[in-house]
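Please read the structure below before turning to the comments.
The values are calculated or read from the model by the stated rules, or taken from the named source; none is laboratory data. Worth saying up front: this structure is predicted, and the values here are computed from it rather than measured. Please note: Cβ atoms are built from the backbone with ideal geometry, for glycine as well, and neighbour counts cover all protein chains shown. The area values use the complete protein model at the heavy-atom level, side chains included, leaving out ligands, DNA and RNA. Shrake-Rupley method; radii C 1.70, N 1.55, O 1.52, S 1.80 Å.
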Amino acid sequence: MIQISNLHKSYKMGSNSLHVLKGINFKIDEGELVAIMGSSGSGKSTLLNILGMLDIADEGNYLLDNVLIKDLTETIAANYRNRFLGFVFQSFNLINYKNALENVALPLYYQGLRRKTRQQKALEYLKKVGLLDWAKHLPSELSGGQKQRVAIARAMASEPKVLLADEPTGALDSNTSREVMSLIQKINDEGKTILVVTHEIDIAKMCKRIITLKDGVIIEDKKTDQILL
Amino acid sequence: MFSRDQWQEIFETIRKNKLRTILSGFTVALGIFIFIILFGFGNGLKNSFEQFFLDDATNTLWLYPGVTSKAYQGFKDNRRIEFENSDLIDIKENFTFFLENITPRINRREVLSYKGQSNIYNIRAVAPAHQNVEKTIIMKGRFINQKDIDERTKNITIGRLVAQDIFKKEDPMGKYIEIGESAFKVVGVFQDKSGDREERLVYLPYTTRQLMEKNNDKIDQIIVSFKQELGYVGALAFEKQLGDFFKSKKVIDPTDKSGLYIRNTTERVRQNQRFASTLQIIVAFVGIGTLIAGIIGISNIMVFVVKERTKELGIRKALGANPISIVAMILNESIFITTLSGIFGLLIGIFMLSRLDDQLEQYFILDPYVDSLTALIATFLLIFFGAIAGFIPAKRAASIKPIVALRDE
Ligand SMILES: Nc1ncnc2c1ncn2[C@@H]1O[C@H](COP(=O)(O)OP(=O)(O)OP(=O)(O)O)[C@@H](O)[C@H]1O
Ligand SMILES: [Mg+2]
């Protein structure tokens, strides 16, 4: 599903350049649930943002579902993000003036679906994350865990090929973290390919495979015995 | 670009971001409102100006006799020149080519009495042509006519305020007012746009006045109106020839500047028109200034609005919004708000102006108005430049990398 080879990324700051990703290679198959581990500043988010086409690598190849992601115009990148990728962020990134239902329906709007269809689908996904009763609530009226579940519903609603989650439990306490991870496992069980960035080993162990980054290179890539929730 | 869905999305955004909507809407509405009011006031000023200065006939020459300053052909200097009835006839006979109307004027201040009440008024003894020259408007009855002149009748036409002072609610028509020894019959009431002073006058046949003054044939002034089609150059020629004619008739040194005075209104009219157009330019300047201020205001707000939404735009991009849809969203929203509030400000402004009407007349603002074309163009300009002002930051926001936009706090 995802195949990257020799991926490099540097941040230029004035005359300095910070080499963050120094040649990353891996292959992720359909239906995998992969944790990307590493200490703070090791380049996890940078990698995930490149995979999510929110940012661009300096060097290397990236194949998403056998499509080469390179030199895309912003319009095409937007289209691919919309159809292939779902995002879950540490800080939720819900639109604060839209209620849960409208937030979930937003990617469907950019898919060009009719309003009726959007509403139906959004409700369906809210139900899946157990928030049907909260559909009309604004993000400010939801708890952290609820917000993250709305964000997951939103990421799933567009039926992406891959779900990318950057520290989805980073802002949550351990109980809510488990709830969210349980939801992610459930979605994975339905066959979705998922990448989860985390620096907590407990969270990583709830995945099926752990890739560990250090100083911009992969130091470990191994299958793990998944802790099922 | 204008699907129903997109409008729904826009309405939703507008509805849920009231502060933003009110802020930009208010700026535009206020801009247009102030523009309409200022422009309207400017036009009101112009109106009062025109009423003050342009309501008398513009094609007149005023002749005043003076006192000579030079000895000439056996006459000593310091000789008082006088006009008499023969001068009127001479002008009529010698200047038919130029002449339109002619009237003498004899001014006196006298006591008018009615039912024991007395008051002093200015009384003008004139010929019927005076009505044209002064643009006197008859409200009731008639002006002095030729029959009054020929028969030296004791008929008078009185100003609106004279009628008000003397007769209060009574109908003045046909009533008799005492002037000096004799009683005069009111045959008409007039009004005059030049103001109160002109409406506190009484008109009398000039032949009657001469009869009252020992049957002389003296005249204070002569007012001559000339054919409009002569234009400015023709008027100057007429003035010159008339001056030469009178100087030779009254035996005044041609170089003597004080024996005879001629006032030519065309020069004044030209000045007034120049003043009026200066006023027009100032009005336009103020209007354009207001518009520019409005445009700058809405531009600032658009920059602020887009900046405030950077993160939201980043989220939308991460969810699949392409740059065009981002620009279209911001633009449609801003055009929608500016159009609505622009029209709102326009209507309020026009409504205010029409309510003011002549309430500000004492401040020389009379019937303030804005013609609809100017108002519409101004509104359109503000909307148009508001859109352009929105387009630039929208375009910039659309081209920010989503990851940068998402980092915005
Ligand atoms: N936009 C940027 N400009 C400059 N440097 C950046 C930028 N984004 C990240 N970096 C730097 O790149 C390195 C990797 O950052 P990244 O966010 O990928 O780390 P991370 O592994 O996600 O860390 P964390 O666990 O704290 O989220 C860090 O040293 C960071 O300071
Ligand atoms: Mg990170």
Item to check | Buried accessible area, chains B and A (both chains, 1.4 Å probe, Å² to nearest 100) | outcome: 2400
Item to check | Where labels lie 7 Å past Cα in the beta-carbon direction, separation of B:GLU213 and A:SER39 in nm | outcome: 11.7
Next on the checklist: Would you report the distance distribution of C-alpha pairs in the stretch A:2-223 as whole percents per 5 angstrom bin, up to the bin with the largest distance?
Outcome noted: 1, 7, 15, 19, 20, 16, 12, 7, 3, 1, 0
Next on the checklist: Past the 49 angstrom mark, what percentage of all C-alpha to C-alpha distances in the protein assembly as shown do you count?
Outcome noted: 48
Checklist outcome for this item: Shape descriptors of the stretch A:17-108 over alpha-carbon atoms, Rg and Dmax in angstrom, are 15.0, 43
Checklist entry - In the structure displayed, which of B:LYS70/B:LYS247; B:LYS154/B:LYS247; A:LYS22/B:LYS401; A:LYS147/B:LYS311 lie more than 24 Å apart, Cα to Cα? => result B:LYS154/B:LYS247
Checklist entry - Going by a 1.4 Å probe on protein heavy atoms, which residues of the stretch B:318-344 end up with at least 40 Å² less accessible surface in the whole assembly than in their chain alone? => result B:ALA318, B:LEU319, B:GLY320, B:PRO323
Next on the checklist: To make sure I understand the rule: partners must be aspartates and glutamates, Cα under 12 Å from the Cα of B:LYS140, and not fewer than 8 residues away in the same chain. Which ones qualify?
Outcome noted: B:ASP171
Checklist outcome for this item: Counting only DSSP loop positions in the stretch B:195-238, the trypsin sites (Lys or Arg not before Pro) whose Cβ has at most 12 other Cβ atoms within 10 Å are B:LYS214
Item to check | 0 to 90° range, to nearest 10: angle between helix B:4-16 axis and chain B longest Cα axis | outcome: 80
Checklist outcome for this item: Per the 1/(1 + (r/R0)^6) rule, R0 = 30 Å and r from the Cβ atoms of A:LEU68 and A:LYS22, FRET efficiency to 0.05 is 0.85
Item to check | Interface residues, the stretch B:368-409 - accessible area loss of 30 Å² or more versus chain alone, probe 1.4 Å | outcome: B:LYS401, B:PRO402, B:ILE403, B:LEU406
Item to check | Compactness of chain B - radius of gyration and Dmax, Cα, Å | outcome: 34.0, 109
Next on the checklist: Quick check: at a probe of 1.4 Å, how many percent of the accessible area of the protein assembly as shown sits on carbon and sulfur atoms?
Outcome noted: 56
Next on the checklist: Just to confirm, what accessible area per residue do you get for the stretch B:157-312 at 1.4 Å probe, in whole Å²?
Outcome noted: 49
Item to check | Of B:LEU279, B:LEU19, B:LEU340, the one that fluctuates the most in a GNM where chain B has Cα springs shorter than 10 Å | outcome: B:LEU19
Checklist entry - Looking at this model, which pairs from A:LYS9/A:LYS192; A:LYS27/A:LYS208; B:LYS46/B:LYS193; B:LYS147/B:LYS169; B:LYS135/B:LYS240 are more than 19 angstrom apart at the alpha-carbon? => result A:LYS9/A:LYS192; B:LYS147/B:LYS169; B:LYS135/B:LYS240
Checklist entry - For chain A, what is the accessible area per residue in Å², given a 1.4 Å probe and the full set of protein chains? => result 44
Next on the checklist: Which residues belonging to the stretch A:103-120 lose at least 10 Å² of 1.4 Å-probe accessible area when the assembly is complete, relative to their chain isolated?
Outcome noted: A:LEU106, A:PRO107, A:TYR109, A:TYR110, A:ARG115, A:ARG118
Checklist entry - Along the charge dipole of the protein assembly as shown, which of A:GLY112, A:SER45, B:LEU242 sits closest to the positive end, that is, farthest toward it, with unit charges on the beta carbon of Lys, Arg, Asp and Glu (+1, +1, -1, -1)? => result A:SER45
Checklist entry - Given the C-alpha centroids of the stretch A:2-50 and the stretch B:57-118, what is the distance between them in whole angstrom? => result 105
Item to check | Most mobile listed residue (A:VAL217, A:VAL67, A:VAL196) in chain A, GNM with C-alpha springs under 10 Å | outcome: A:VAL67
Item to check | ³J(HN,Hα) computed for each position of the stretch B:249-259 - Karplus, 6.51 cos²θ - 1.76 cosθ + 1.60, integer Hz, glycine/proline x | outcome: 5, 8, 6, 10, 3, x, 8, 6, 8, 10, x
Checklist entry - So, in Å, what gap is there between the alpha-carbon centers of the stretch B:335-409 and the stretch B:282-304? => result 9
Checklist entry - How large is ³J(HN,Hα) for each residue in the stretch A:176-185, as worked out from phi by the Karplus curve 6.51 cos²θ - 1.76 cosθ + 1.60 (θ = phi - 60°), to whole Hz, x for Gly and Pro? => result 5, 4, 5, 4, 5, 5, 4, 5, 5, 4
Next on the checklist: Between the stretch A:155-219 and the stretch B:189-247, how far is it from one alpha carbon centroid to the other, in angstrom?
Outcome noted: 103
Checklist outcome for this item: With x for Gly and Pro, the residue-by-residue ³J(HN,Hα) of the stretch B:217-234, computed from phi through the Karplus equation 6.51 cos²θ - 1.76 cosθ + 1.60 at θ = phi - 60° and given in whole Hz, is 10, 8, 10, 6, 9, 10, 10, 10, 10, 10, 5, 4, 5, 5, x, 5, 5, x
Checklist entry - Okay, helix-only estimate at 222 nm for chain A: each DSSP H run of n ≥ 4 adds -39500 (n - 2.57), divide by all residues, round to 500 deg cm²/dmol; what do you get? => result -10500 deg cm²/dmol
Checklist outcome for this item: CD proxy, 222 nm, chain B: helix-only mean residue ellipticity via -39,500 (n - 2.57) per DSSP H run with n ≥ 4, per residue, nearest 500, stands at -18500 deg cm²/dmol
Item to check | chain A: most fluctuating residue of A:LEU126, A:LEU64, A:LEU72 per GNM, C-alpha cutoff 10 Å | outcome: A:LEU72
